[in-house]
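*Asks:* After the C-alpha cells below, expect a handful of questions from me.
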Amino acid sequence: MPTSIDRQQLRALRDRGAQLVEVLPASEYEEDHLPGAISLPLRHIDREATRLLDRNRAVIVYCWDSA
Amino acid sequence: MSPRAAWRLESLGFRDVYDYTAGKLDWMAAGLPTEGINAAVPRAGDLARKDVPTCSLDERLEEVRERVRARGWDTVVVVNEKRIVLGLLRARELEALGERSIEEAMRPGPSTFRPFVTAEEMARFMVEHRLESSPITTSEGGLLGLLFQKDVVEHMSGNKHGSR
C-alpha cells in the first residue's frame with residue numbers, strides 16, 4: 001500500500017536515494033518540477049515506461065496537490 | 001492523480017512507493033526551488049523583503065514602534081511563535097496613540113500571497129487593488145517576507161527597459 005508523505009519526509013527519502021516522479025502531463029513538468037524529478041504522466045505509466053525506474057529504490061510520486 | 005499513480009506503480013511490482021500528496025503546490029508555496037522553463041521567472045518570493053520586522057501579540061505597541069522605526073521600517077508583521085501571520089501594522093496603526101495593545105491596533109487577517117505567484121501578476125494585482133504591501137506566506141500561513149508594491153512595480157519596469 002502506498003504511503004502518504006509530507007515535504008519533510010520527501011526530503012529525507014530523497015537524501016536516502018529515493019526516485020522522484022512527477023505524474024502530471026509533460027507540459028506541466030516542463031514549466032516547473034521539483035529538482036531532480038523525472039516526468040512520467042499517469043496515462044503513460046506502464047511496464048515499458050517504468051523501465052526508467054530502479055525497482056530496488058523507493059519511488060515518490062507527486063502531482064499538483066491533493067485534490 | 002498521484003494516489004492513482006502510486007497504486008498503479010504498485011500494481012506493476014514496485015514495493016516501496018510513496019505519495020507526496022500535497023504535491024508541487026505545497027513545494028512551491030514553501031518558496032523552494034524548482035527546475036523547468038519557469039524557474040527563472042521572477043516571483044513574489046524572490047522580491048519579498050525577508051528582513052521584515054515582526055512582533056508578537058503580547059508586545060507593547062510603543063516598544064514595537066521604536067524598534068521598527070530604528071530599523072528604518074514603518075511596517076511590522078504580527079506573528080505567533082511559529083511565524084504564522086496574525087496581522088499587520090502599517091504606519092497608520094503604528095502611530096496609534098494611547099495604551100492600545102498590538103491586538104487592538106493591528107489589521108487582522110491581511111491578504112497574503114504564495115511565493116510562486118509571478119512578479120507580473122503581483123504587480124498587476126497590487127496596483128489594481130492599491131495594495132501597498134502584502135505578506136508572502138507558505139500555504140500554512142508561515143511568514144516568508146513582505147512584498148512592497150513599489151519593489152515589484154520597479155522590478156517589472158526595469159525588466160521592460162532591459163528588454164528593449
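The values are calculated or read from the model by the stated rules, or taken from the named source; none is laboratory data. Quick caveat, the model's predicted, so the values are computed rather than measured. For neighbour counting, all protein chains shown are included, and Cβ atoms are generated from backbone atoms with ideal geometry for every residue, glycine included. Just the protein is used for accessible areas: all its heavy atoms, side chains included, with ligands, DNA and RNA removed. Shrake-Rupley method; radii C 1.70, N 1.55, O 1.52, S 1.80 Å.
*Asks:* Leaving ligands and nucleic acids out of the surface, order B:Ser111, B:Ser133, A:Ser66, A:Ser39 by accessible area at 1.4 Å, largest first.
*Replies:* A:Ser66, B:Ser111, A:Ser39, B:Ser133
*Asks:* While we're looking at this one, here's another question. Please list the non-local residues whose amide H lies under 5 Å from the amide H of B:Thr54, H modeled 1.01 Å from N, same-chain partners needing a gap of 5 or more.
*Replies:* B:Val77
*Asks:* Given a 1.4 Å probe, how much area per residue of the range B:44-156 is accessible, in Å²?
*Replies:* 54
*Asks:* Kindly give Rg over Rh for the range B:80-138, based on alpha-carbon atoms, with the Kirkwood expression for the hydrodynamic radius.
*Replies:* Result for the range B:80-138 is an Rg/Rh of 1.04.
*Asks:* Read phi for every residue in the range B:63-71 and hand back ³J(HN,Hα) as whole Hz from Karplus 6.51 cos²θ - 1.76 cosθ + 1.60, θ = phi - 60°, with x for Gly and Pro.
*Replies:* Each residue of the range B:63-71 in turn: 5, 5, 4, 5, 5, 5, 5, 4, 8 Hz.
*Asks:* Please list B:Ser157, B:Ser134, A:Ser27 from largest to smallest accessible area, probe radius 1.4 Å, with all protein chains kept in place.
*Replies:* Ranked list, largest accessible area first: A:Ser27, B:Ser157, B:Ser134.
*Asks:* Still on this structure, please answer the following. On a 0 to 90° scale, report how tilted helix B:149-162 is relative to the longest principal axis of chain B, with both axes built from alpha carbons and the result rounded to the nearest 10.
*Replies:* Roughly 60 degrees, rounded to the nearest 10.
*Asks:* Further, regarding this structure: Using a 1.4 angstrom probe on the protein heavy atoms only, could you order B:Arg69, B:Arg92, A:Arg7 from most to least accessible area?
*Replies:* From most exposed to least exposed: B:Arg92, B:Arg69, A:Arg7.
*Asks:* Charges on Cβ only, +1 for Lys and Arg, -1 for Asp and Glu, centred on the Cα centroid of the range B:49-164; of B:Val52, B:Pro108, B:Val85, which one is farthest towards the dipole's positive end?
*Replies:* Highest projection toward the positive end goes to B:Val52.
*Asks:* Something else now. Taking a probe of 1.4 angstrom, what is the accessible area of B:Lys50 in Å², to the nearest 10?
*Replies:* 120
*Asks:* From the helices alone, meaning DSSP H stretches of at least four residues, give me the mean residue ellipticity at 222 nm for the protein assembly as shown, per-run term -39500 (n - 2.57), in deg cm²/dmol to the nearest 500.
*Replies:* -9000 deg cm²/dmol
*Asks:* Restricting to the protein assembly as shown, what percent of DSSP beta bridges are antiparallel, rounded to 5?
*Replies:* 50
*Asks:* To continue, here is another question. Over all alpha-carbon pairs of the range B:50-164, lay out the pair-distance distribution in 10 Å bins, whole %, shortest bin first.
*Replies:* With a bin width of 10 Å, the distribution comes to 14, 42, 30, 11, 2, 0.
*Asks:* Over the heavy atoms of B:Arg67, what accessible area does a 1.4 Å probe trace out, to the nearest 10 Å²?
*Replies:* 90
*Asks:* For B:Gly87, list long-range residues whose amide hydrogen, built 1.01 Å from N in the peptide plane, is under 5 Å from its own amide hydrogen.
*Replies:* B:Val78, B:Gly109
*Asks:* Report, to the nearest whole %, how much of the accessible area of the protein assembly as shown belongs to carbon and sulfur atoms, 1.4 Å probe, protein only.
*Replies:* Roughly 49 percent of what the probe reaches on the protein assembly as shown is carbon or sulfur.
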